[in-house]
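Have a look at the structure below, then the notes.
The values are calculated or read from the model by the stated rules, or taken from the named source; none is laboratory data. Predicted model only: the values in this text are computed from it and were never measured. Note that we place each Cβ from the backbone using ideal geometry, even for glycine, and neighbour counts take in every protein chain shown. We work out accessible area using only protein heavy atoms, side chains counted, and drop any ligands, DNA or RNA first. Shrake-Rupley method; radii C 1.70, N 1.55, O 1.52, S 1.80 Å.
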Amino acid sequence: MKILAIETSCDETAAAVGSLIDNQIIIESNLIASQIDIHQAFGGVVPEVAAREHVKQIIPIINQALSQAGLSRSTASKSLNGLAVTQGPGLMTSLLVGTETAKSLALAWNLPLTPVHHIAGHIAANFINRPLDQIKFPLLTLTVSGGHTALILMNDLLDYDIIGQTVDDAAGEAFDKAATLLKLGYPGGPSISAAALEFAKQSRPSTIKLPQPMLRRSDYNFSFSGLKTALLYAIKQDDNWSSRITEYAYAFEQAVVEALVRKTIKAALDRSVKTVALSGGVAANHQLRQILNNTLKQKMPTVELLLPNMAYTTDNAAMIAAAGLLKLRANQTIAPANLAAQPNCLLV
Ligand code: KG4
Ligand code: ZN
């Protein structure tokens, strides 16, 4: 089974070809046209600018994804078994470019179409290149991106139960806002992470104390807006803050990672899971990957940790291909005329 997948939910125009061979998902091409350079000047994503870029990029990116997988537009209808596209959540005008393109191609090529929830895509990034029948459930996934922070319990590959989420900012959003406060670049995750690493290399303890968000609460929810405010007040009271940017970045990253890891381990223990998986753009964070791995090994040594390949952490279409293949195999398709972009859809 082979599909073409399209992702345009935010500021990356992405297309990929993926196959399901012997119960394993293989990615044959994975193309991304990033708009980061364009939005950097504004310090964040400007929806209308993003939509216009998607319109420019979508057809060239699809053509490249097909050709890198050894296909072409003239052979696609015979070589592919279906199409997958991100239906939401995301920016409405960005989503529309992907969904309308996918609908048109499904009609022109007479192929089945499957809509993919963006978070289901992030989660499925963990299932690429791995025998699907060896994934053990219950599986707990921590999904951390610019728009979402959630703990999701899964008893099957396409079965999602959200057991905790952020009550305010998402983890990636917190990184982005903290980076703005510290005058580090956009997107904030990679720039905070690089600055924090500079401080860590000096091997001296940080004297900056930031609060541990929500750790005293017994539920599985997260909150990051208080941490961002604490950072704001800390730098306001520090005349010397601009010479200690790397130390602030380090303290902030530590606080976010600690909150994410502690709640994930708590939920994993409470729910006796067999697998923990990390997903979303913040899954690119080295500290998070490492501390989650170390803590899990210590507290639940028999639990397997799935970490997505770095190329499949921030937005991409390979992950949409992965989720799309699973949905297509389960016959979860939609008539093109019935597919509508959904900026706020729930994961079900
Ligand atoms: O999944 P994603 O590409 O888009 C959404 O679905 O939102 O995630 C983007 C987010 C941004 O907030 C970005 O700052 C964060 O992921 N991010 C990181 C890192 N790389 C990207 N956060 C922390 N550390 C990183 N290395
Ligand atoms: Zn995403």
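The table below gives the values:
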| read-out | value |
| --- | --- |
| Kirkwood Rh in Å, taken over the range 74-210 so that all alpha-carbon pairs contribute | 18.3 |
| Length added when fully stretched, Tyr233-Phe137, from 0.36 nm per residue minus Cα-Cα | 30.2 nm |
| Fluctuation leader among Lys263, Lys299, Lys136 - the chain, Gaussian network, Cα springs under 10 angstrom | Lys299 |
| C-alpha center-to-center spacing [the range 312-348, the range 208-254] in angstrom | 36 |
| Convex hull per residue volume in Å³, alpha carbons only, for the range 136-308 | 108 |
| Packing-based order for 191-202, 115-126, 245-256, using average beta carbon neighbours within 10 Å, highest first | 115-126, 245-256, 191-202 |
| Extent along principal axes [Cα atoms of the chain; Å; largest to smallest] | 64, 46, 32 |
| Paired Rg and Dmax values of the range 53-128, which use every Cα atom, in angstrom | 12.8, 32 |
| Beta bridges by DSSP in the chain, antiparallel share as percent, to the nearest 5 | 60 |
| Nearest-0.05 FRET efficiency for Gln332 and Met310, computed from C-beta distance (R0 25 Å) | 0.30 |
| Spatially near lysine pairs across the range 201-348, Cα under 18 Å, sequence gap of 8 or more or different chains | 11 |
| Mean accessible surface per residue for the range 136-308, computed with a 1.4 Å probe while every protein chain stays in place, in Å² | 45 |
| The range 1-96 pair-distance distribution - Cα-Cα, 5 Å bins, rounded % | 2, 15, 23, 21, 16, 12, 7, 3, 1, 0 |
| Mean Cβ neighbour count within 10 Å, used as a protection proxy, ranking 31-39, 97-105 highest first | 97-105, 31-39 |
| Three semi-axes of the equivalent ellipsoid, the range 137-226, Cα gyration tensor, whole Å, largest first | 28, 15, 14 |
| Helical segments meeting 18 Å axial Cα length and Kyte-Doolittle -1.0 threshold in the chain (DSSP H) | 47-68, 92-109, 188-201, 245-270 |
